[in-house]
Amino acid sequence: MLVAARRSLSLCSPGVAHCRTITSAKIEVNGVHLHYQQTGKGDHPLLLLPGALGSSQTDFGPQLKSLNKERFTVVSWDPRGYGRSIPPQREYPLDFYHTDAQDAVDLMKALHFKRFSLLGWSGGGIAALIAASKYPSLVRKLVVWGANAYVSQEDIINLDKSVADVSKWSEKMRKIMVEMYGAEYFIKTWAAWIDVIHAFGREPDGNICRDILPHVKCPTLIVHGEKDAVLLRCHADYLHKHIKGSRLHLMPEGKHNLHLQFAEEFNSLVEEFLMSQD
């Protein structure tokens, strides 16, 4: 494993006793140099998995900044083809969530974490579910939000209406992606992601990862924002029904990005779950 380009960003303020430092680096995993950020010194490692075209920088700022640094070691990463894990360019075969899941687990192994918890948003939640099902001895706990195990025709209609056309995004959302990727890569890659979601919709039962849910054995928290315009409530209910012993927490005002919109509430909820004795 090759570690390169290590940088540290201090979040200290004058007079603050405990400094919060975020280390940024790359490490070779499965033939790809993956970018990650790491902070905290706790004995419970966490990996944050971003959504489509997401990255550590764009998706998890409030979590890197504010999750308990004494209890947790927090790692956030850019999956291959996203953020600063380019090259390679992003590709979307039907098994790409499985590739992300394997990369995620192997990243944590490369960083010498023997057991860890996974926090996955949207597509990152799908990869986290797959990783937890495949490696039950490695994954301590699992938190997912905005994640789904299948794609229905209603989902396709909703997706096309809500986010498929980037010209209809807010200027703020579009600007973040263009600054990260450049307009050409962003538009091309987002269109490819929309295409693969349509392809999942043509699979039997719209399957993405229905079959793996009974194999998720770790304590699991499913969070859903009831004002999520991207993902319907039925998906959270489906995960809750098919992951034995899972908990479902609803945030009445939460949207798809509830962890950013209500960061303090979300972080407190997650910390309580991760520190609880199951």
Exercise for the section: Would you check if V166 is out of contact with any strand residue (DSSP E or B) (no Cβ under 8 Å at 6 or more places or on another chain), open to solvent by 10 Å² or more (accessible area, probe 1.4 Å) and of a type in the set (A, V, I, L, M)? Expected result: yes
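Looking only at residues that are aliphatic (A, V, I, L, M) and more than 20 Å from the chain's Cα centre (by Cα) in the stretch 179-190, which one is surrounded by the fewest Cβ atoms within 10 Å (Cβ to Cβ)?
So the first thing to find is which residues in the stretch 179-190 are aliphatic (A, V, I, L, M), and the list is 180, 183, 187.
Those left that are additionally more than 20 Å from the chain's Cα centre (by Cα): 183, 187.
Values: A183: 12, I187: 16.
So, considering only residues that are aliphatic (A, V, I, L, M) and more than 20 Å from the chain's Cα centre (by Cα), the one surrounded by the fewest Cβ atoms within 10 Å (Cβ to Cβ) is A183.
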Exercise for the section: Pull up the stretch 233-276, narrow it to residues that are among the aromatic types (F, W, Y) and open to solvent by 20 Å² or more (accessible area, probe 1.4 Å), then point me to the one that is farthest from the chain's Cα centre (by Cα). Expected result: Y238
Handout entry: Among the candidates A127, A164, A131, residue that is within 20 Å of the chain's Cα centre (by Cα) and touching a residue at least 40 places away in the same chain (Cβ under 8 Å)
Key = A127
Problem - Contacts under 7 angstrom Cβ, first residue in the stretch 236-262 being among the aromatic types (F, W, Y), partner assigned to a helix (DSSP H, G or I), 6 or more apart - result: none
Exercise for the section: Hey, could you check the stretch 192-206 for residues that are in a helix (DSSP H, G or I) and open to solvent by 50 Å² or more (accessible area, probe 1.4 Å) and say which is nearest to Y150 (Cα to Cα)? Expected result: D205
Exercise for the section: Taking C218 as the residue in question, decide whether it is within 28 Å of R90 (Cβ to Cβ) and open to solvent by less than 20 Å² (accessible area, probe 1.4 Å). Expected result: no
Exercise for the section: Pick out the one residue from S117, S122, S170, S152 that is of a type in the set (G, A, S), closer than 30 Å to L269 by Cα and modelled with pLDDT under 95. Expected result: S170
Handout entry: Residues within the stretch 157-177 that are outside any helix (DSSP H, G or I) and out of contact with any helix residue (DSSP H, G or I) (no Cβ under 6 Å at 6 or more places or on another chain), tallied
Key = 4
Fill in the blank from the handout: Checked the stretch 224-277 for anything assigned to a loop (DSSP other than H, G, I, E, B), of a type in the set (D, E, K, R) and either touching a strand residue (DSSP E or B) at 6+ places or on another chain (Cβ under 8 Å) or closer than 21 Å to D155 by Cα (or both); matches are E226, K227, D228, E253, K255
Practice task
Pairs only if they're at least six apart or on different chains, beta carbon under 6 angstrom, first in the stretch 66-93 and of a type in the set (A, V, I, L, M), second in a loop (DSSP other than H, G, I, E, B); list them, first residue then second.
Solution key: V74/G40; V74/L67
Practice task
Please enumerate the residues belonging to the stretch 153-198 that are out of contact with any Gly (no Cβ under 9 Å at 6 or more places or on another chain), farther than 18 Å from L231 by Cα and of a type in the set (F, W, Y).
Solution key: Y185, F186
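The values are calculated or read from the model by the stated rules, or taken from the named source; none is laboratory data. Small disclaimer: the values here were computed from a predicted structure and weren't measured. Positions of Cβ are generated from backbone atoms using ideal geometry, with glycine treated the same way; all protein chains shown enter the neighbour counts. We work out accessible area using only protein heavy atoms, side chains counted, and drop any ligands, DNA or RNA first. Shrake-Rupley method; radii C 1.70, N 1.55, O 1.52, S 1.80 Å.
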